[in-house]
Amino acid sequence: EKHGFPFFMEKEIHEQPASVERAISGRINLDGATGHLGGLNMSARDLLGVDNVGIVAAGTSYYAGMVGAYLLESVARIKSSAELSSEVRYKNPIVTPGSLYFAVSQSGETIDTLYALRELQRKGGKVLGVCNVVGSTIARESDGGVYIHSGPEIAVASTKAFTSQISVFYIFTLLMARMRHMSWEAGIDFAKALKHIPSQIETILGQTEPIRRLAKKYARYQNFLFLGRGINYPVAMEGALKLKEISYIHAEGYSAAEIKHGPIALINEQTPSLFLVSDDSLREKVITSMKEVKARRGRVIAVAVEGDEEVADIADDYLYIPHTEELMYPFLMVVPLQLFAYYCALELGRNVDQPRNLAKSVTVE
Ligand code: F6R
């Protein structure tokens with residue numbers, strides 16, 4: 001059932017054009033330029049009353065939640081945050097009447113996330129599930145929710161679940177933004193950019209050879225920094241997590257702006273930095289950070305937008321991705337990072353689908 005791929009992880013990476021399509025299909029209403037999510041169990045009036053969104057999750061699902069919180073705050077203008085479920089449970093969280101929570105979990109069985117959900121519910125919070133596994137505990141105990149419809153994710157390292165989880169947050173953001181200030185025209189642009197994502201992921205998956213070559217070149221380094229800003233910051237964290245999990249190479253994800261507050265001390269010829277450079281308002285600032293790394297003799301790999309010659313000139317190595325709307329880049333940035341981690345692990349002869357010490361769902365605290 002690996003359809004000719006040596007590992008489930010590679011198969012699942014390649015399923016993303018279809019899995020993202022499934023996550024958004026039937027959920028975009030082009031006439032109304034808005035989103036539609038059937039399982040929320042909330043009226044439009046209920047949704048209008050939401051003034052705070054809290055997202056709880058672990059691991060990759062947490063990084064998807066960070067993307068979601070960024071979107072909801074910057075586009076829908078609702079105060080939003082993502083927190084680690086393991087921490088929420090013990091901090092005696094404040095629940096206000098206008099708060100809405102999401103528990104994001106591929107398996108729907110992660111105990112930290114389940115306990116956070118229960119604690120929020122005890123305090124009167126409404127918690128929606130964003131799960132993949134139908135009928136899972138979190139899906140059952142939540143007050144409503146959305147299935148991401150990724151299909152079974154077998155590899156321990158999560159890939160297609162991430163892009164489907166963020167898909168749900170893009171749809172929810174569109175819905176919430178259109179109920180507030182977003183115009184019909186802006187809604188259409190957002191929806192169209194989202195609908196275009198599956199074919200753009202397909203384009204990236206059609207050109208894996210440069211990523212494989214990059215992995216061959218870099219797999220023997222022992223430390224990496226993954227750096228991004230804005231909505232790509234959680235993607236940098238996710239890229240670093242993927243590399244750690246399956247190749248056992250140490251990697252840290254950071255905001256590119258933060259390196260000057262400490263991590264820059266790590267930079268030398270032996271510690272490459274992988275930068276995510278989209279063509280948005282933060283591009284110049286990311287380029288400044290790239291130059292700081294270069295000035296300290298650090299090697300720079302860039303994932304940049306097709307045609308960005310300035311970045312190509314500065315970086316030691318670069319990969320191009322297609323252009324999209326400013327906030328849609330997480331979809332296109334994460335795919336090369338998944339493949340980079342995968343090819344590094346292959347290069348090092350790791351057991352990609354079953355990395356040491358890890359389980360697919362973590363049902364202990
Ligand atoms: C990452 C990974 C883990 C999970 C985390 C949450 O590749 O597999 O970090 O993302 O354990 O799992 P779920 O989403 O099932 O709650």
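The values are calculated or read from the model by the stated rules, or taken from the named source; none is laboratory data. From a predicted model like this one, the values you see are computed outputs, not experimental measurements. Virtual Cβ from ideal backbone geometry, glycine too; neighbours counted across all protein chains shown. Keep in mind that these areas ignore ligands, DNA and RNA; they rest on the heavy atoms of the full protein, side chains included. Shrake-Rupley method; radii C 1.70, N 1.55, O 1.52, S 1.80 Å.
In a simple Cβ point-charge model (Lys, Arg +1; Asp, Glu -1; nothing else charged), the range 1-104 has a dipole of about 220 debye relative to its Cα centre.
Step through the table entries Lys91/Lys126; Lys195/Lys244; Lys217/Lys242; Lys160/Lys195, compare each Cα-Cα distance with 23 Å, and write down the pairs that go over it. With Cα atoms farther than 23 Å apart: Lys195/Lys244.
Defining a contact as two alpha carbons under 8 Å apart and six or more residues distant in sequence, what relative contact order in percent does the chain show?
It rounds to 20 percent for the chain.
Listed by chain and number, the aspartates and glutamates whose alpha-carbon sits under 15 Å from that of Lys79, ignoring those within fewer than 8 places in the same chain, are Asp51. Each principal axis of the range 38-116 carries a Cα extent, and these read 32, 23, 23 Å when sorted largest first. If the segment from Ser74 to Arg122 were pulled out straight at 0.36 nm per residue, it would be longer than the present Cα-Cα gap by 14.3 nm.
Loop-located GluC sites (Glu not before Pro) across the range 263-302 with a Cβ neighbour count of 13 or fewer within 10 Å are Glu269, with loop assigned by DSSP.
Can you work out the PRE-style zone for Thr203? Point 7 Å along Cα to Cβ, and I want the residues of the range 317-346 with backbone N under 17 Å. Once the point is set 7 Å along Cα→Cβ of Thr203, 319-337 turn out to lie under 17 Å by backbone N, inside the range 317-346. Approximating the spin labels as points 7 Å out from Cα along Cα→Cβ, the Asn268-to-Asp51 distance works out to 5.4 nm. Express the carbon and sulfur contribution to the solvent-accessible surface of the chain as a percent, rounded to the nearest whole number, probe 1.4 angstrom. Carbon and sulfur together cover 49 percent of it. Per residue, the solvent-accessible area of the chain (1.4 Å probe, heavy atoms of protein chains only, all protein chains present) comes to 40 Å². Report, to the nearest 10°, how far helix 233-247 tilts away from the longest principal axis of the Cα atoms in the chain, using its own Cα long axis and a range of 0 to 90°. Helix 233-247 sits at roughly 60 degrees to that axis. An oblate overall shape is assigned to the range 1-70, the ratio a/c of its alpha-carbon gyration tensor axes (a ≥ b ≥ c) being 1.5 or greater and a/b not exceeding b/c.
Extension gain for Lys217-His250 works out to 10.3 nm (0.36 nm per residue, less the C-alpha to C-alpha distance).
Compared with the dominant Cα axis of the chain, that is its longest principal axis, helix 329-347 is turned about 50°.
If each Cα of the chain is one equal point scatterer, what is log10 of I(q)/I(0) from the Debye formula at q = 0.06, 0.14 Å⁻¹? The Cα Debye sum returns log10 ratios of -0.21, -1.17.
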